[in-house]
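Below is one structure, written out as structure tokens, with a few remarks after it.
The values are calculated or read from the model by the stated rules, or taken from the named source; none is laboratory data. If you're wondering where the values come from, they're calculated on a predicted model, not measured in any experiment. Note: ideal-geometry Cβ built from the backbone for every residue, glycine included; neighbour counts use all protein chains shown. Just so you know, the surface numbers come from the protein's heavy atoms only, side chains and all, with ligands and any DNA or RNA stripped out. Shrake-Rupley method; radii C 1.70, N 1.55, O 1.52, S 1.80 Å.
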Amino acid sequence: MNSSSSNAPSAAVVSAEALSKAEEFIEAEEGAANKLQGWLGIFVVVAAFVMSVFHLYTAYAIVPTQTLRPIHVGFVLFLCFMVFPLSQRFRHRIMWWDWIAAALSIAVVVYLIMGGDDFTDRNTSPEPWDIVFGLALIVMVLEAMRRTNGWIMPIITTCFIAYALFGPYLPAPWTHKGYEIGRLVGVMYMTLEGIYGVAVDVSSSLIILFTIFGAFLQYSGAGKFYIDFSFSAMGGKPTGAGRTVVLASFLLGGPSGSGVATTVTLGAVAYPMLAKVGYEKNAAGGLLAAGGLGAIISPPVLGAAAFLIAEFLKISYLDVLLMAAIPTILFYLALFFMVEIDARKYGMGNTTFEKVDTVWHLTKNYWFHFLSLVSIVFFMMWGFSPVLSVFWATVVSFATSFLRRDTALISYDLFQGKGSWVKNLFQSPFVKAMEGGSIGVLNVAATCAGAGIIVGVVTLTGLGLKFSSIVIDYAGGNLLLTAVYTSLVVWIVGLAVPVTASYIICAVIAAPALTKLGVPDFAAHMFIFYYAVLSEVSPPTALSPFAAAAITGGDPYKTTLQSWKYTLPAFLLPFMFVLDPAGQGLLLMGSTKALATANWWSIAQVTLTAAIGIGALAAGFQGWALKRTTALERGMLITAGFAVVYPGLTSDLIGFGLIIGALAIQYFRAPESAVTA
């Protein structure tokens, strides 16, 4: 990095080519969608609009589960074959085979619903046509995953199917009796245990409503407001650039829940500012990716996996938000520590950024965007279900958008009789938001359907219990080693598949290893969730850092290492709430009921301890505390951070002693000028 902002590239801009390259990584996460014109484009918009209307209706009305889940999967498959091509060379058009697959996705659902209770009752001995339609559904789910997420997830799912079919031929301890195709199809297609299981339940009832809500915020200008607000609130100080990225990523990430999209949206406007104060390309990209990663763990939306946690544990989504509160604060505290150290380490000077407006004027004019964001939590605390809470929050977002002409989801001109009513209505942000909500859920929903196959196989074969026994045996029954092995398993699985799929797979095969050793369910699932999220910044699926590198022009792998540096201190926290009951205070005891009888002093103590540990790790990883650290001081700070994170009075005392010792050595050492990189 440069020693001062005067040497930094003062006119750094993000080129259209760099943005286009970055958007390729969004496509890698969300699928490379067709851009259809003419009647085909109108047809897809109408189909997506109808899908959104249907799901908003089901949020308020009562639709039987046996009807809702298959129709949801039918919509998802239909639109996947319309929107995502077989391969790149068929982009921006719909081929004959896409129409056949789309028609078949509807036929599969119609056959199921028309079959009624008789269809479900014969799942242990399905008829020939049941097997035909069931196999067609499995193949279409695999193909939808391939089109939206690439080859890895379908291959992994196919391996699980093979495991179910060829169990008798496998060596111990993996062997099982094996299942015929008919029995497998019966579970996957004809019950609510396979494709239409927990993951699709969450996708059909919660995830899609949150993507619609996020689209309403986006098209009403909330994203632009959050960035402008962050620039105005944080600009003008040496740490202003870094702080802006941290604050804006939190505000943007809350409604989006997508790490890559947040990274690209923020990077396009924030990178020139980071370059101006002296951030080198890879470090700027690392900070942008770290901020994007925060989107997945930030309330009120979090990533799709958070909804699954609530469903797996049979707890309120409000409880999941509660559990995420302190870890999210500590994650952003770690980022703030890092940017504060950056400013001192690299001697960044004061740089004034051109503000769009003052904080006061922005808040006065666009305060309702904050209302939309917090209304979800408000409705939940008022006693509404998560589904109804997000439904009414979407209504709030729609209604408040009309407070200003420039944010209105339907143009004022329509109500004033100006211009063409067709254009004012059908090309309005409202229609785009309804379309965007359904299109935005396709990759996650396809993954959820595929993950349902995996969960079905694990349930059918008892693989989860086998796997957990193997992990515990390897760890010799030691909780620390079991936690380390579990984190490695989750991380390795996460290298190949998206966060949602990683969490689902590991929740059924790895979580039992922790719960068998006495870790509460909620702590085990949150542990797995955070390590699944860490895969977002781990090659080869490190899409956020790679997208950030495309924007900054940095090296993708060096950018990934920088993002690790920014995020790693916060990712040691999960060990605190797994290894010791006191550490569960970081999760606010896992529920509102437990919180009512909680020891607040203990929660404050463990939170403060975690914050000090994060600070020590941040200083150690950055090589800077009061001043540049020596190798000894750096080693002391990193060791102290690990010691403080490990629960127990002895380890805490050792950690605090090392921190005090390192700071004392620094304080009495001769002063040193800022370093140049």
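All of (1) surrounded by 17 or more Cβ atoms within 10 Å (Cβ to Cβ); (2) of a type in the set (A, V, I, L, M, F, W, C); (3) out of contact with any Asp or Glu (no Cβ under 8 Å at 6 or more places or on another chain); (4) closer than 30 Å to Y667 by Cβ hold for L586 with one exception: (4). The single condition among (1) within 27 Å of the chain's Cα centre (by Cα); (2) touching a residue at least 40 places away in the same chain (Cβ under 8 Å) that R146 does not meet is (2).
Of all residues in the stretch 568-611, none satisfies the criterion of being among the hydroxyl-bearing types (S, T, Y), at pLDDT below 85 and closer than 25 Å to V537 by Cβ. Checked against (1) modelled with pLDDT under 85; (2) part of a helix (DSSP H, G or I); (3) open to solvent by less than 50 Å² (accessible area, probe 1.4 Å), G554 passes all but a single condition, namely (2). Could you name every one of the helices (runs of 4 or more DSSP H) located completely within the stretch 252-325 that has at least 1 residues being open to solvent by less than 10 Å² (accessible area, probe 1.4 Å), over 21 Å from C448 (Cβ atoms) and at pLDDT 85 or above? Because the criterion is at least 1 residues that are open to solvent by less than 10 Å² (accessible area, probe 1.4 Å), over 21 Å from C448 (Cβ atoms) and at pLDDT 85 or above, the helices (runs of 4 or more DSSP H) in the stretch 252-325 that meet it are 281-297. Residues that are without any contact (Cβ under 8 Å) to a residue 60 or more places away in the chain and of a type in the set (D, E, K, R) within the stretch 514-548 comprise just one, K516. Residue check: W151 meets all listed conditions (1) over 22 Å from the mean Cα position of the chain (by Cα); (2) modelled with pLDDT under 90; (3) surrounded by fewer than 17 Cβ atoms within 10 Å (Cβ to Cβ) but one, namely (1). Restricted to helices (runs of 4 or more DSSP H) entirely inside the stretch 386-445, those with at least 2 residues that are open to solvent by less than 30 Å² (accessible area, probe 1.4 Å) and in contact with a helix residue (DSSP H, G or I) (Cβ under 6 Å, 6 or more places away or on another chain) are 386-400.
Test L68 against the stated conditions and say whether it is surrounded by fewer than 23 Cβ atoms within 10 Å (Cβ to Cβ), farther than 25 Å from L425 by Cβ and in contact with a helix residue (DSSP H, G or I) (Cβ under 6 Å, 6 or more places away or on another chain). Taking the combined requirement at face value, the residue satisfies it. Among residues of the stretch 172-194 being open to solvent by 40 Å² or more (accessible area, probe 1.4 Å) and of a type in the set (A, V, I, L, M), the one that is modelled with the lowest pLDDT is A172. One residue stands out in the stretch 590-624 among those that are more than 30 Å from the chain's Cα centre (by Cα), open to solvent by 30 Å² or more (accessible area, probe 1.4 Å) and not hydroxyl-bearing (S, T, Y): the one that is farthest from G655 (Cα to Cα), namely N599. Filtered by the rule that a residue be more than 19 Å from the chain's Cα centre (by Cα) and open to solvent by 40 Å² or more (accessible area, probe 1.4 Å), the stretch 557-583 gives Y557, K558, L561, Q562, D580, P581, A582. Comparison of N2, N34 shows that the only residue that is at pLDDT 65 or above and buried (at least 17 other Cβ atoms within 10 Å of the Cβ) is N34.
Consider the stretch 329-349 and keep the residues that are in contact (Cβ under 8 Å) with a residue 60 or more places away in the chain and closer than 30 Å to A501 by Cβ. The one that is most open to solvent (accessible area, probe 1.4 Å) is L333.
Screening C159 with (1) assigned to a helix (DSSP H, G or I); (2) in contact (Cβ under 8 Å) with a residue 12 or more places away in the chain gives one miss only, at (2). Residues in the stretch 285-340 that are over 23 Å from F379 (Cβ atoms) and among the β-branched types (V, I, T): 1 in all. Has the stretch 493-513 got at least one residue that is out of contact with any Phe, Trp or Tyr (no Cβ under 7 Å at 6 or more places or on another chain), without any contact (Cβ under 8 Å) to a residue 12 or more places away in the chain and surrounded by fewer than 22 Cβ atoms within 10 Å (Cβ to Cβ)? Scanning the stretch 493-513 turns up no residue that is out of contact with any Phe, Trp or Tyr (no Cβ under 7 Å at 6 or more places or on another chain), without any contact (Cβ under 8 Å) to a residue 12 or more places away in the chain and surrounded by fewer than 22 Cβ atoms within 10 Å (Cβ to Cβ).
Taken over the stretch 617-638, the residue count meeting the criterion of being farther than 19 Å from T607 by Cα and β-branched (V, I, T) is 2. Where helices (runs of 4 or more DSSP H) fall entirely within the stretch 568-674, those with at least 1 residues that are over 30 Å from Y279 (Cβ atoms), touching a helix residue (DSSP H, G or I) at 6+ places or on another chain (Cβ under 9 Å) and among the polar types (S, T, N, Q) are at 592-596, 600-622, 649-668. Restricting the first member to the stretch 397-426 and to residues that are in contact (Cβ under 8 Å) with a residue 24 or more places away in the chain and within 18 Å of F213 (Cβ to Cβ), and the second to residues that are aliphatic (A, V, I, L, M) and open to solvent by 50 Å² or more (accessible area, probe 1.4 Å), the beta-carbon pairs closer than 9 Å and six or more apart or on different chains are S397/L371; T400/L371.
Filtered by the rule that a residue be open to solvent by 70 Å² or more (accessible area, probe 1.4 Å) and free of Cβ contacts under 8 Å to residues at least 24 places away in the same chain, the stretch 94-109 gives W96, W99, I100. Count of the stretch 532-541 residues, restricted to those that are crowded, with 24+ Cβ neighbours inside 10 Å and touching a Pro at 6+ places or on another chain (Cβ under 8 Å), is 1.
Listed by first and then second residue, the pairs with beta-carbon distance under 6 Å, at least 6 apart or on different chains, first residue in the stretch 173-185 and more than 18 Å from V139 (Cβ to Cβ), second open to solvent by 60 Å² or more (accessible area, probe 1.4 Å), are G178/P168. Just to be sure, is T211 open to solvent by less than 10 Å² (accessible area, probe 1.4 Å), among the hydroxyl-bearing types (S, T, Y) and at pLDDT 80 or above? So T211 does not fit the description; no. V471 passes every criterion in (1) touching a Gly at 6+ places or on another chain (Cβ under 9 Å); (2) open to solvent by less than 50 Å² (accessible area, probe 1.4 Å) apart from (1).
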